[in-house]
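K.L.:
Right, I'll just put the structure down here and ask away after.
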Amino acid sequence: MIYFDIGIVLLALYGAFLNSKGNRAGFVYWTFTNCYLTGKNLYIGEYAQAALFGAYLGLAIYGYLTWKD
């Protein structure tokens with residue numbers, strides 16, 4: 001499972017890279033990774049961390065919907 005988690009982190013970093021280049025697709029990566037990380041942290045009982053990634057998930061969706069090309 002650790003390799004999957006590493007892949008999730010790498011996808012999140014790639015999303016940040018895409019956004020830094022002005023590419024809206026970065027929000028899609030963040031939405032996917034934040035959704036996974038919210039669920040995982042809820043599952044393991046890390047509720048504060050889950051709340052943080054839940055907030056990030058909301059911001060990623062908001063960013064995608066309001067992004068101006």
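K.L.:
If a residue has to be among the acidic types (Asp, Glu) and at pLDDT 95 or above to count, how many in the stretch 12-69 make the cut?
P.N.:
Residues of the stretch 12-69 that are among the acidic types (Asp, Glu), as a first pass: 46, 69.
Filter once more, keeping what is at pLDDT 95 or above: 46.
The qualifying residues number 1.
K.L.:
Pick out the one residue from 51, 16 that is in contact with a Ser or Thr (Cβ under 9 Å, 6 or more places away or on another chain), surrounded by fewer than 16 Cβ atoms within 10 Å (Cβ to Cβ) and in a helix (DSSP H, G or I). Spell out the reasoning first.
P.N.:
On the way: 16 fails: in contact with a Ser or Thr (Cβ under 9 Å, 6 or more places away or on another chain).
Exactly one residue qualifies, and that residue is 51.
K.L.:
Could you tell me which of the residues 10, 57 is under 12 Å from the mean Cα position of the chain (by Cα) and open to solvent by 80 Å² or more (accessible area, probe 1.4 Å)? Give the derivation first.
P.N.:
Details: 57 fails: open to solvent by 80 Å² or more (accessible area, probe 1.4 Å).
After ruling out the rest, the residue left standing is 10.
K.L.:
Based on this model, can you work out whether residue 40 counts as buried (at least 17 other Cβ atoms within 10 Å of the Cβ) and either more than 9 Å from the chain's Cα centre (by Cα) or outside any helix (DSSP H, G or I) (or both)? So that I can check it myself, show each step before the final result.
P.N.:
Numbers: buried (at least 17 other Cβ atoms within 10 Å of the Cβ): yes; either more than 9 Å from the chain's Cα centre (by Cα) or outside any helix (DSSP H, G or I) (or both): yes.
Considered against the rule, which asks whether it is buried (at least 17 other Cβ atoms within 10 Å of the Cβ) and either more than 9 Å from the chain's Cα centre (by Cα) or outside any helix (DSSP H, G or I) (or both), residue 40 comes out as yes.
The values are calculated or read from the model by the stated rules, or taken from the named source; none is laboratory data. Only a predicted model underlies this, so the values are computations on that prediction, with no experimental measurement involved. Ideal geometry is used to build each Cβ from the backbone, glycine not excepted, and the neighbour counts take in all protein chains shown. Each accessible area value is taken on the protein alone, full model and side chains, heavy atoms only, with ligands, DNA and RNA left out. Shrake-Rupley method; radii C 1.70, N 1.55, O 1.52, S 1.80 Å.
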